[in-house]
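So the structure is just underneath, and the comments pick up after that.
The values are calculated or read from the model by the stated rules, or taken from the named source; none is laboratory data. The structure displayed is predicted, hence computed values, not measured ones. So basically every Cβ, Gly included, is an ideal-geometry build from the backbone, and we count neighbours across all protein chains shown.
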Amino acid sequence: MRFGEYYGIQTSKQDTWFDTYLPADTPLSVDPFLIYPDDDELWFGAHNHILDFFRLVFDLVRQSQGNEKSLAWKQAQALLLFPEPAEFCLGLASGNPNGSGAGRGLQQGMLEGVKTALGLGFNNVPHMEMLGLFQGGMGLDRMSDVVCNVLKSFFIEYTQQVARRHNVPMQPFRVRNASWSAEFACWQSREVELPANPFLDKPGPVLLVPKRFLKDIPVVTANGFWRYAWRNHSEELRGNFNYDIARNVDSRQKAKLARQNPDVVAAYLTALEGEEHEPYPVDKDPALRTRWWEAGGQIAARSPLGYVAKDPSEFPQFVDAIIQAFRHGVEHQDEWQMLWHHGVSLPEKKVQALFRSCAKHYCKANDISITGEANAGRGPVDFHFAQGWMARTVVEMKLMSNSKFWDGILAQTPQYAMSEDVNVAFFVAIAYTDEEMAESNLDKIDKAARIASERYGLEIRPVVIDARHKDSASKMKPPQDMRDQLHGDEGELAA
């Protein structure tokens, strides 16, 4: 359920915030480069706020003189610890919104970046991304963690403004890293009034983000810097790097180039400042990153279930009906288009997310529990369906292009079934190519399911979903044997 739906909000043109999906992370992140030029009254000072934060860190590292036991060094270390902010329900991992780590690796990388910058004569950096480039680049989700922590006080105020405008109830929450203190050189947790996210493991707040700040691909990347350097500064760089192999280097070489040429890094970031950077088109959602819940509901609405279990023994048939409804939507109702983006098939996680949404709409209507990525004894099973204890089954879904596809049907699915103590499990294969849909391949899947079923004493039911591009009905032509039959009959009549 989305924030707006849960709180009954009727949006207007004034509402430019991303309507986040509360039960799980959306695979988008906050890109600092989209915040820097923003001239909105609230966000006008955000860039300076980030610069002030890193100026404080630079001062502390300088004061420490490299002594890792000094108070100044320990304060810098603590400031550069950026926990994943669960309040935003964002993250490229697209998992549970409770967050999974404390960012120790990010902390060390940032510290190294600060030391490098100080050694190059910097008292601060014009953009925090420079620190990442000195270390070979920093992923968008990591940059997002930094920005969401450093600017959390801004996001708190923004969310409160939205909540007040729509009379959304707020309650006091103690928010970690709600602000930071230049005077005491530390993070500050504060109790603030915010809307609640009822889908977290324990009660927690929601923080909203303007849609115009969200990206799925970062503006600043190590590869982008590398391309810029060779395109615009190749003559001055030839002495240190072999131009002929410039396009085939690892992150260490890119970091080395950045450290040896900080002026080129600065020029690269300045050049990016002069370019227009578009946020991810949240509303159109061409890559199915934000609207997967609604897309699954669309499939469910167009393919209503024709079967409902009356007792636990019929429960596998009910789950099979859900899988077949999803299959019907993909194969016969043009829903296959949701599994492709600009001619590129969606990855496994995206297809699973679409199926999860479709299945949840069916399950909600029939009081069935569905858990995605549940910890089933010896690893995470893709989907676990249950109605009480007796009516349960598991579903494993894999792309046929997955290198572990056959391990999935022969070993993983049976193990998940045994861990969950269920007698029937489904293995769903997604096919994108003609080769994958070859009859010999389909027969092999059936054979693998029989082998696994006999070996483990349970029933593995395979389902193959044809997700290849489909021609529209108006362009479809009958098979040749049907043509031959038709014209053959006419020939016989003429004779």
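Matching residues to (1) under 21 Å from the mean Cα position of the chain (by Cα); (2) surrounded by fewer than 20 Cβ atoms within 10 Å (Cβ to Cβ); (3) part of a loop (DSSP other than H, G, I, E, B); (4) outside the structural domain of Cys358 (by TED's automatic domain parsing):
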| site | (1), (2), (3), (4) |
| --- | --- |
| Gly8 | no, yes, yes, yes |
| Thr11 | no, yes, yes, yes |
| Gln14 | no, yes, yes, yes |
| Pro23 | yes, yes, yes, yes |
| Pro37 | no, yes, yes, yes |
| Asp40 | no, yes, yes, yes |
| Phe44 | no, yes, yes, yes |
| His47 | no, yes, no, yes |
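Among residues that are outside any helix (DSSP H, G or I) and among the hydrophobic types (A, V, I, L, M, F, W, C), Phe155 is not included.
Annotation note: of Gly105, Gly95, Gly66, Gly113, the sole residue that is among the small types (Gly, Ala, Ser), within 19 Å of the chain's Cα centre (by Cα) and modelled with pLDDT under 90 is Gly95. Checking the stated criteria, Phe184 turns out not to satisfy the condition of being aromatic (Phe, Trp, Tyr), part of a loop (DSSP other than H, G, I, E, B), in the same structural domain as Ala229 (by TED's automatic domain parsing) and surrounded by 15 or more Cβ atoms within 10 Å (Cβ to Cβ). Considering Val168, Val146, the condition of being outside any helix (DSSP H, G or I) and in contact (Cβ under 8 Å) with a residue 40 or more places away in the chain is satisfied by Val168 alone.
For Lys310, are the conditions met, namely being assigned by TED's automatic domain parsing to the domain that holds His384, basic (Lys, Arg), loosely packed, with under 15 Cβ neighbours inside 10 Å and at pLDDT below 85?
Numbers: assigned by TED's automatic domain parsing to the domain that holds His384: yes; basic (Lys, Arg): yes; loosely packed, with under 15 Cβ neighbours inside 10 Å: yes; at pLDDT below 85: yes.
Answer is yes for this residue.
Regarding region 196-208, can at least one residue be identified that is in contact with a strand residue (DSSP E or B) (Cβ under 8 Å, 6 or more places away or on another chain), over 24 Å from Thr11 (Cα atoms) and in contact (Cβ under 8 Å) with a residue 40 or more places away in the chain? The answer is no, given that none of the residues of region 196-208 is in contact with a strand residue (DSSP E or B) (Cβ under 8 Å, 6 or more places away or on another chain), over 24 Å from Thr11 (Cα atoms) and in contact (Cβ under 8 Å) with a residue 40 or more places away in the chain. Of all residues assigned to region 296-311, at least one qualifies as being without any contact (Cβ under 8 Å) to a residue 40 or more places away in the chain and outside any loop (DSSP other than H, G, I, E, B). Filter region 400-409 down to residues that are crowded, with 18+ Cβ neighbours inside 10 Å and over 25 Å from the mean Cα position of the chain (by Cα), then give me how many there are. Total meeting the criteria: 1. Listed by first and then second residue, the pairs with beta-carbon distance under 9 Å, at least 6 apart or on different chains, first residue in region 66-89 and under 21 Å from Val192 (Cα atoms), second acidic (Asp, Glu) and surrounded by 16 or more Cβ atoms within 10 Å (Cβ to Cβ), are Phe82/Asp145; Pro83/Asp145; Glu84/Asp141; Glu84/Asp145; Pro85/Asp145; Ala86/Asp25; Phe88/Asp25; Cys89/Asp25.
Val192 satisfies every condition listed in (1) exposed (fewer than 12 other Cβ atoms within 10 Å of the Cβ); (2) of a type outside the set (D, E, K, R); (3) at negative phi except (1). If you take the residues of region 195-223 that are under 18 Å from the mean Cα position of the chain (by Cα) and assigned to a strand (DSSP E or B), which of them is surrounded by the most Cβ atoms within 10 Å (Cβ to Cβ)? Once the filter is applied, the top-ranked residue is Leu214. Taking the conditions (1) at negative phi; (2) surrounded by fewer than 16 Cβ atoms within 10 Å (Cβ to Cβ); (3) more than 24 Å from the chain's Cα centre (by Cα); (4) modelled with pLDDT of 90 or more in turn, Ala178 satisfies each one other than (2). Figure legend. Inter-residue proximity from region 19-41: first residues hydrophobic (A, V, I, L, M, F, W, C), second residues in a strand (DSSP E or B), beta-carbon distance below 6 Å, spacing 6+ or different chains. Indicated pairs: Leu22/Asn197; Leu28/Leu90; Leu28/Leu214.
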